[in-house]
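The values are calculated or read from the model by the stated rules, or taken from the named source; none is laboratory data. None of these values were measured; they are calculated from a predicted model. Note that each Cβ is placed from the backbone with ideal geometry, even for glycine, and that neighbours are counted across all protein chains shown. Protein only, heavy atoms only, side chains kept; ligands, DNA and RNA dropped before computing areas. Shrake-Rupley method; radii C 1.70, N 1.55, O 1.52, S 1.80 Å.
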Amino acid sequence: MTALLSADDVSVAYRDGARWLQAVDRVSFALPPKARLAIMGESGSGKTTLALAIADLLPHDGIRRSGAVRWPALGGAARPGRDVGFVFQDPMSSLNPVLSVGEQIAEVAVTHLGLSWPAALDRAAELLDRVGLPRPRDRLTSFPHELSGGQRQRVALAMAITAEPKLLIADEPTSALDTLTQAQIVHLLDRLATEIGLALVLVTHDLALAANLAGTGMLMYAGRVAELGPIETMVSAPRHPYLQALVAASLDPDRPPTDRLAEIPGIPPQPGAAIPGCAFEPRCPRARSACRSRPPGWAGTPADGVDCIQFDQLAAVHR
Ligand SMILES: Nc1ncnc2c1ncn2[C@@H]1O[C@H](COP(=O)(O)OP(=O)(O)OP(=O)(O)O)[C@@H](O)[C@H]1O
Ligand SMILES: [Mg+2]
């Protein structure tokens, strides 16, 4: 099937004075139309940067230094602001605090759908209804600060789908919410994606949420893809030692309930540090001397594999 999105060897760095800090390092994947990808990884691993690069929304100090993002099913390129809806990690930064909810959504509808202002306001009310806000007409005149966190996230979702995108990127859409509201937003995302036929890229710390919502998982470590593949296999038979440690830690019965990724011993490398071998090597229980001296190669297919030189040996041990 023609991919909706294809990222080939995408690297992103942020300018830090005279040097560059590599945040995303040669990431490749493809996403078919209507498919769902969960990007996981600990804080600072490059999830948001990758998501912004896909949507062409990198901040001014972030530069795509190599690679390409293509949209084969859209004829090559995505229309800016139109084909990709984005729900930002910080719920308040998706919304403008000085505009009413109705004005914000209507503006998108005017810009991208060419509607008149009254028609755009009607469309805004329809969308608010669609994302489950009660009394949507009355809500048009509300300001973001008058809404609860869950309601704001619903509005952010309504705005992200206003221009009828083909892909919705949601960057940790539930992490600022209480457990019940989280479940409602997850259900809403699932329903919207199915009803509208959206592809979904979900950035999350939560393995269980990823497994519930997505078909494909991508685990990032220090800007690289550590493992990519069907999410069910990633959770039930993790291959990369990092994923094995995460899955083992998240299954620990003594672990308190949390929406964060399970913690494993050690810390990730400093951004910008020169790493001759594997970035995970200092924390890896299976590290060998070769892991320190040469970078891992991708073991597997472009859609299903592991960034670990020992993968073949590990697979043999686990059989
Ligand atoms: N605008 C920026 N300028 C400079 N460095 C940045 C900028 N944004 C992110 N970084 C750095 O890039 C790296 C990746 O950050 P990114 O926000 O993509 O990680 P993340 O996986 O989304 O983390 P989190 O789970 O905390 O949201 C980090 O080292 C971060 O400090
Ligand atoms: Mg982030």
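One table, with the values for the structure above:
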{"quantity": "Output for the stretch 12-36, where each listed residue is part of a strand (DSSP E or B) and over 30 Å from Thr2 (Cβ atoms)", "calculated": "Ala13, Tyr14, Arg15, Asp16, Arg19, Trp20, Leu21, Gln22"}
{"quantity": "Residue list for the stretch 84-123, restricted to those being within 16 Å of ligand 1 (Cβ to nearest atom), surrounded by 15 or more Cβ atoms within 10 Å (Cβ to Cβ) and assigned to a loop (DSSP other than H, G, I, E, B)", "calculated": "Phe88, Gln89"}
{"quantity": "Residues of the stretch 133-156 that turn out to be crowded, with 18+ Cβ neighbours inside 10 Å and either in a helix (DSSP H, G or I) or within 28 Å of the chain's Cα centre (by Cα) (or both), as a count", "calculated": "12"}
{"quantity": "The one condition in (1) over 30 Å from Val235 (Cβ atoms); (2) out of contact with any strand residue (DSSP E or B) (no Cβ under 7 Å at 6 or more places or on another chain); (3) of a type in the set (D, E, K, R) that Arg65 fails to fulfil", "calculated": "(2)"}
{"quantity": "Selected residue (only one of Arg79, Arg135 is within 23 Å of Leu31 (Cα to Cα) and of a type outside the set (Val, Ile, Thr))", "calculated": "Arg79"}
{"quantity": "Whichever residue in the stretch 9-22 is touching a residue at least 24 places away in the same chain (Cβ under 8 Å) and open to solvent by 20 Å² or more (accessible area, probe 1.4 Å) and, among such residues, is nearest to ligand 1 (Cβ to nearest atom)", "calculated": "Tyr14"}
{"quantity": "Residue match in the stretch 159-170 (condition: of a type in the set (D, E, K, R), over 14 Å from Lys47 (Cβ atoms), open to solvent by 10 Å² or more (accessible area, probe 1.4 Å) and assigned to a helix (DSSP H, G or I))", "calculated": "no"}
{"quantity": "Hits in the stretch 183-208 (condition: within 16 Å of ligand 1 (Cβ to nearest atom) and either open to solvent by 10 Å² or more (accessible area, probe 1.4 Å) or of a type in the set (S, T, N, Q) (or both))", "calculated": "Thr204, His205, Asp206, Leu207"}
{"quantity": "Number of positions in the stretch 222-244 that are in contact with a Pro (Cβ under 7 Å, 6 or more places away or on another chain), touching a residue at least 12 places away in the same chain (Cβ under 8 Å) and part of a helix (DSSP H, G or I)", "calculated": "1"}
{"quantity": "Flag for Ser6 being open to solvent by less than 50 Å² (accessible area, probe 1.4 Å) and within 16 Å of ligand 1 (Cβ to nearest atom)", "calculated": "no"}
{"quantity": "Residues of the stretch 26-51 that turn out to be within 16 Å of ligand 2 (Cβ to nearest atom), modelled with pLDDT of 95 or more and not polar (S, T, N, Q), as a count", "calculated": "9"}
{"quantity": "Pair list, Cβ under 6 Å, 6 or more apart: the stretch 150-178 residue over 22 Å from Pro32 (Cβ atoms), other residue of a type in the set (D, E, K, R)", "calculated": "Ser175/Asp259"}
{"quantity": "Residue in the stretch 57-68 that is within 16 Å of ligand 2 (Cβ to nearest atom) and open to solvent by less than 30 Å² (accessible area, probe 1.4 Å) present", "calculated": "yes"}
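Residues are listed down the side, and each one gets a yes or a no for (1) open to solvent by 70 Å² or more (accessible area, probe 1.4 Å); (2) at pLDDT below 90:
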{"site": "Pro241", "(1), (2)": "no, no"}
{"site": "Asp254", "(1), (2)": "yes, yes"}
{"site": "Arg260", "(1), (2)": "yes, yes"}
{"site": "Ala273", "(1), (2)": "no, yes"}
{"site": "Cys278", "(1), (2)": "no, no"}
{"site": "Pro282", "(1), (2)": "yes, no"}
{"site": "Arg288", "(1), (2)": "yes, no"}
{"site": "Arg292", "(1), (2)": "yes, no"}
